[in-house]
Amino acid sequence: MNSAPCRLLCLSAATLLLAAPSCLSQATELGIDHHFQNTDAQSLIGLPMGSHKTTVEKDGSLKWSQWSLKRKPLDVPIGFSSQMDGALAIEPFATGSGADTRLKTTSQTLYKGRYPFIVSKLTGGGLTLEELAFSADPEADPAVDPRNGSGTRGLDLIKLTFTNEGSAPQSFALKLSGRERNLPGHVTGHALISGSGEDVALVADNGGATETTEDNGLTLNLKATLAPRQTKTIWLRVPYEWSAKRNSELTTLSGDALLQKAAAQWDGIWSRGTRIHYPQQVLNDFFDSSLAYVLILTEYDAQGDLWALDGPDVYRQYWGRGEYFQARALEVAGHLAPARESIEHAFRIMIDDGEWDGPPTSGFPAWDNTGGNAGAVWDYYLYTRDKTWLAKAYPYLLKSSEWIHAHREETQLENVAGIPTGAKPIHRMLTGAKCRPEPEPELKPGEKTYWYGLLPWSYGDSGLPEGHSYSHNFLAAYGVRVSAEAARALGRTEDAAWLDKEYSSFAAAIRASVERSVTLEKISPAYLPAQPTRPDAAYSQTFLGIWPTGLYSPNDPLVTGLLTRMEKEEVQGLPTNVAWAGPAGVWPGEAMNMSETYLLRDDAKKNAEMLIAALNHSYTTNVFKEEILTDVTRERACDTPHSKRQNMEGTGDMPEAWGNANAVDLLRDNLVQERTEMPSTIDSKTTLHLLPGLLPEWISKPGDVVSIDRTPTTLGTTVSLKLERTSATAMHLSFAPGANALETVIVHLPVPEGATLKSVTVDGSAAHPAGRLLTLHHVSKPTTVTFEFAR
């Protein structure tokens, strides 16, 4: 059932009918079995928007860092929070007359499939152990979203349930040791407490076990004997940075009560946002759990700013280019308030001259952050149509565009005769990675550089050499375009005029550079390049030129060429040469972002295959590693520590927030997607597309339902839809456009392959789609579409 041929067959919607029966049963859940998970995986628990992030290791032990954003010094390097100076080792053994047997992990999953609580199952010596690790805020109100200051009495809880599966009595030992702020925990009563007086862990309920002290007081050992089929449960508590002197102030709620409270908090958050339903529960669980991880990976700093983080450890940092997609995930999921707060954090990091890239602790300067920040501002306005807020944000948009206009001059001075020495710009860089150098082809006298008119030399990132990456310029140009749109929305006509001119000039410079870069390519067909003089560099970020920036149409020949190249280089269903690992690895989370281009090209089949392949590279707790190495014998794009890792080991942080954010975005966009005419101009119109990524095979049985409730759109209205398979040959769609009328809505009718449409009605009247696309005009009220087909 889990064989590679079966999986690959299940991934192809067009070949489902050819599959063996075992594969067909697997296809009901789309063949998602996490087959390509990285071998060095870890999971995460934490409170939504909380300051404490706890890593759950594959053996069930916990690790954390004291270095939250509220305790972050002003000048620290990237990875400051990867110092795991807090830990609780949980070591279970089956004991007896012979040697002790360490229980080994057999699986890790999410609690009830979607809650961000980690269920680890271990076995050994005739015993089974189920460990449930979760975070709880005893003071949380499930009816209200968390705010700055929430969770001050939060804690992690671990429920350990031992069961004797044998027919004879069996003893066990549970050894606990740990540290807090790098100080070891000493056994003190029923607890491990550091020498500075902080709790490491408390035994809240020992389940009747006997407690002993070992290893000179550094290990707390709980021992018990289980009769056949008997079960014992032990509860542990890990308060967050809590003085043992204040333990009397800790909550008196039971572990089960806190579990109910923690689940209720997530239930409340999910219920207040967008609700999504596919017939395949695995997709619904990915949507909910991914949203949860995005929220766990946001955090307030000491000044009260909410940061959208890219990871809990190494990437506990804010990048504007990534924050754009995390904010969008919150917005399309109906959580506009935290999205707004995270965007407003960007206002505070702009430098006084308008430079808006950051973060300076890693890869500086990086111009794509400028466009990510600006794009996030504009998106929030489109979702809310809050002009008062836009007016407050506009000065940042304007100043960043002024900075871009001014600093494009730097690349216009290179290779120009007569520029005095003191006027020549330098290459600014605080830190970077050892990537392949940016080639500098010999130029003829008077010939302009390949990057003439672009932004200056900068940090590459994502496997790109330091230099003049197109992705940085794509997003920066987009920042100028949305600044012009904001000026128009606010009636600032003079600003809009010069911003339009600057965007046109910038876009023309990009296109001229791309045309020259294509001549350096060594394979055909021609493809959208990654860098002016290294067109074959890692290309994941090249797709930003299509979405969201709209600089290139998804059907542009260069985009088609890029996809052709990408498909030839795929491994395990995902593109390679996308970041640091180069051809040696894949980037599952980013693949879902790249797949948005397939969706825009109306290639729902390839989009579905990419989505399923990406989800199959997640760990069993629905979290993503940045890259996963697939062939370590291949060339790397950059010389970084991952060069020493093995096949199926990962790079970067875990969970990587981009992966979960992209999962939310794509699962939503499959059902409701805004499309703006491309290449985008000031006159481009946006239309709403319904069901563009829904394969007919996903709603194959009578009674199957696909729905999405209350998803905000950039058209300024919140929409809902429900599609039901009413019979073997008919479906019924109901669509609610929300408060504002929609000029154009295009419905992608999910007619099975090989079938033909017999009839289509809209609100009871006959309609005439163009192929399988039905266009609705001036939709201002709930609308129904019924269609029948024949095989």
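The values are calculated or read from the model by the stated rules, or taken from the named source; none is laboratory data. Remember, predicted model here, so these are calculated numbers, not experimental data. All Cβ positions, even for glycine, are placed from backbone atoms using ideal geometry, and neighbour counts span all protein chains on display. Surface areas here come from the heavy atoms of the whole protein model, side chains and all, with no ligands, DNA or RNA. Shrake-Rupley method; radii C 1.70, N 1.55, O 1.52, S 1.80 Å.
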Enter the Cα centre distance for the pair region 182-244 and region 45-79, rounded to the nearest angstrom.
22 Å
Using Cα pairs under 8 angstrom and six or more residues apart, how large is the relative contact order of region 109-181, in percent?
28 percent
Residue (of S618, T714, T597) at the positive-pole extreme of region 589-719, dipole from beta-carbon charges
S618
When the Debye formula is applied to the Cα atoms of region 609-679, each taken as the same point scatterer, what base-10 log of I(q)/I(0) results at q = 0.14, 0.20, 0.26 Å⁻¹?
-0.57, -0.90, -1.19
Once normalised by the length of the chain, the mean sequence separation of its alpha carbon contacts under 8 Å that are 6 or more apart gives a contact order in percent of 12 percent
What's the percent breakdown of Cα-Cα distances in the chain across 20 Å bins, shortest bin first?
16, 47, 31, 7, 0
Using the heavy atoms of the protein chains and a 1.4 angstrom probe, tell me the accessible area per residue for the chain in square angstrom.
36 Å²
Can you classify region 222-325 as rounded, prolate or oblate using the Cα gyration tensor, where a ≥ b ≥ c are the square roots of its eigenvalues, rounded means a/c under 1.5, and otherwise it's prolate if a/b beats b/c and oblate if not?
oblate
List S504, S177, S68, ordered by accessible area with a 1.4 Å probe, largest first:
S504, S177, S68
What is the distance in Å between the Cα centres of region 277-311 and region 714-738?
26 Å
Taking the chain and counting helices only, DSSP H stretches of n ≥ 4 at -39,500 (n - 2.57) each over all residues, the nearest-500 ellipticity at 222 nm comes to -8500 deg cm²/dmol
I'd like the distance separating the alpha-carbon centroids of region 99-122 and region 578-649, in whole Å.
26 Å
For S780, S248, S540, S505, give me the order by solvent-accessible area with a 1.4 Å probe, most accessible first, ignoring ligands, DNA and RNA.
S248, S780, S505, S540
Antiparallel versus total DSSP beta bridges in region 196-310: what percent is that, nearest 5?
100 percent
Largest to smallest accessible area among K63, K758, K232 [probe 1.4 Å]:
K758, K63, K232
Per-residue accessible area for I32 at 1.4 Å probe radius, Å² rounded to 10?
20 Å²
Output wanted: per-residue J couplings in Hz (rounded whole) for region 239-246, from phi through Karplus 6.51 cos²θ - 1.76 cosθ + 1.60, θ = phi - 60°, x for Gly and Pro.
x, 8, 6, 10, 6, 4, 5, 9
Apply the Karplus curve 6.51 cos²θ - 1.76 cosθ + 1.60, θ = phi - 60°, to the phi angles in region 118-124 and return the couplings in whole Hz, x for Gly and Pro.
9, 9, 10, 10, 10, 9, x
Any residue on another chain or 5+ positions along whose placed amide H is under 5 Å from the amide H of T711 is listed here as V719
Determine the shape class of region 43-271: with a ≥ b ≥ c the square roots of the Cα gyration tensor eigenvalues, call it rounded for a/c under 1.5, and otherwise prolate if a/b is greater than b/c, oblate otherwise.
prolate
The farthest towards the positive end of the charge dipole of the chain, of the residues T784, G320, V187, given +1 on Cβ of Lys and Arg and -1 on Cβ of Asp and Glu, is T784
Normalised per residue, the volume of the convex hull around the Cα set of region 673-790 (Å³):
107 Å³
For region 775-780, 3J(HN,Hα) per residue [Karplus equation, 6.51 cos²θ - 1.76 cosθ + 1.60, θ = phi - 60°, Hz, x = Gly/Pro]:
9, 10, 10, 6, 8, 10
What is the magnitude of the charge dipole of the chain about its Cα centre, with +1 placed on the Cβ of each Lys and Arg, -1 on the Cβ of each Asp and Glu, and no other charges, expressed in debye to the nearest 20?
960 debye
What's the carbon and sulfur percent of the chain's accessible surface, probe 1.4 angstrom, rounded to a whole number?
52 percent
Just want to confirm a number: the relative contact order over region 318-442, from Cα pairs under 8 angstrom separated by 6+ residues, in percent.
29 percent
Would you mind classifying region 519-564 by shape? Square roots of the alpha carbon gyration tensor eigenvalues, ordered a ≥ b ≥ c; an a/c under 1.5 is rounded, otherwise it is prolate if a/b is larger than b/c and oblate if not.
oblate
Label-point separation in nm, A730 to Q83, each point 7 Å along Cα→Cβ
6.8 nm
Distance histogram for region 392-508 (every C-alpha pair counted, 10 angstrom bins, percent rounded to whole numbers):
13, 37, 32, 15, 3
